[in-house]
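Take a look at the structure below.
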Amino acid sequence: MDPEPSTPPCVPPSPGCLSPGHSALLSALSPDALRFDEDDDLEVFSKDATLNDGNSFSPLMLASPSSMINQVKFEDEPEVRDLFITVDEPESHITAIETFITYRIATKTTRSEFDSSEFEVRRRYQDFLWLKSRLEDAHPTLIIPELTSHKKQGPGLLSRMGQTIKAVASSVRGVKNRPEEFTELGEYVDDFGQKISVLDKVSQRIHKEEKDYYEELKEYGPIYTLWSASEEDLVEPLRGVAGCIDKCCKVTEALNSQLSSDLIPIIHEYVLYSETLSGVLRRRDLIQAELDGKVDALVNRKADKEVLKEEIEKLEDKVECANNALKADWERWTKNMQTDLKATFLNMADSRINHYEECLATWESFLSSQSYDEQFDAQEDGS
């Protein structure tokens, strides 16, 4: 991971819509919650790593600490938003063998299970990976926010190979008794993932084009100012054009800034969520496949029947719990996703409308003044 000091390494879900898994995630960030052996807590970064490259967009970071979760105020709806967490203030630590980053985690809460209403700790990104891994083990079908990194791939190689082998074995064996609703959900997730990935690429391409346009516009205005110095009869019109370009340049810069801070991070977050949802469904299917295997073994009498019956009962309970947890968390996530994306697209649409209206008003005002000057000059010539 290439840490950036202005952005959190992960953003907890909105406090007003916490699932059991998310509650566990946030509750575990208390001062004494995480304990690691030194070997497990190593996350080495290059000592010349860039920490403030604002032009790059990491797939696990938001472009602005004021976006997403940090826009939620603790005072808003206190009966609902009873747990508010910010992740900020990255701090570099240099030792003889490594350079690493820690982040401040500040918590405000009205929940009775906490000893204090406010506290803060510092944690390394490795701590988040560890916690996410433990939560997925304990709650395999809850939708836990993704922490993917192009450098840090979560579990170790052997662990990932084991997960892959299990997934392949499950797909080969097939899940005989998967409820139709989860098949449809899987199809939805695949479709959603493809569409949100396209939106992610398009939004970043638009941002690049808008940025290039702004850079060209910024160079365009001064040309008219220089031109006016050599054209005595056109000094005012040329300066007026330069002024209009300068105003349009400023509103374009503001639009690009909003695009990079409000639209792109949210779209990319849901790209990561689509990967999370696919993982949740795979884990659900693994539990189902394990149950199917035990049922087949009982039918074929490949093992002690009493032992198998007991194992089947436990797995049936496990499958039912997994299904219920997934359905409840899916409903919550879908509602939040629709609200987030709708608000994001509407805000960007409004911003673009305002941008074009401001530019249009600027040029209309300039052209109106030129028309008035021409009429005034014509009247003077006639008199």
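The values are calculated or read from the model by the stated rules, or taken from the named source; none is laboratory data. Everything quoted here is computed from the prediction, not taken from an experiment. Cβ placement follows ideal geometry from the backbone for every residue including glycine, while neighbour counts extend to all protein chains displayed. Each accessible area value is taken on the protein alone, full model and side chains, heavy atoms only, with ligands, DNA and RNA left out. Shrake-Rupley method; radii C 1.70, N 1.55, O 1.52, S 1.80 Å.
Inside the range 248-302, can you point out the residues that are more than 30 Å from Phe345 (Cβ to Cβ) and of a type in the set (Asp, Glu)? The answer is Asp285, Glu290, Asp292, Asp296.
Can you tell me which residues in the range 132-151 are modelled with pLDDT under 50 and loosely packed, with under 14 Cβ neighbours inside 10 Å? Quick ask: steps written out before the conclusion?
At the first step, the residues of the range 132-151 found to be modelled with pLDDT under 50 are 149-151.
Within the range 132-151, His150, Lys151 meet the criteria.
Would you confirm whether any residue within the range 336-347 is aromatic (Phe, Trp, Tyr) and either closer than 18 Å to Thr183 by Cα or open to solvent by 40 Å² or more (accessible area, probe 1.4 Å) (or both)? Yes: the range 336-347 contains one or more residues that are aromatic (Phe, Trp, Tyr) and either closer than 18 Å to Thr183 by Cα or open to solvent by 40 Å² or more (accessible area, probe 1.4 Å) (or both).
Taking the condition charged (D, E, K, R), at pLDDT below 90 and exposed (fewer than 12 other Cβ atoms within 10 Å of the Cβ), does Glu306 pass?
Yes, satisfied.
Only residues that are open to solvent by less than 30 Å² (accessible area, probe 1.4 Å) and either of a type in the set (A, V, I, L, M) or in contact with an Asp or Glu (Cβ under 6 Å, 6 or more places away or on another chain) (or both): list them for the range 176-207, please. Answer for the range 176-207, where residues must be open to solvent by less than 30 Å² (accessible area, probe 1.4 Å) and either of a type in the set (A, V, I, L, M) or in contact with an Asp or Glu (Cβ under 6 Å, 6 or more places away or on another chain) (or both): Leu185, Val189, Ile196. Of the candidates Glu236, Glu253, the single residue that is charged (D, E, K, R) and surrounded by 14 or more Cβ atoms within 10 Å (Cβ to Cβ) is Glu253.
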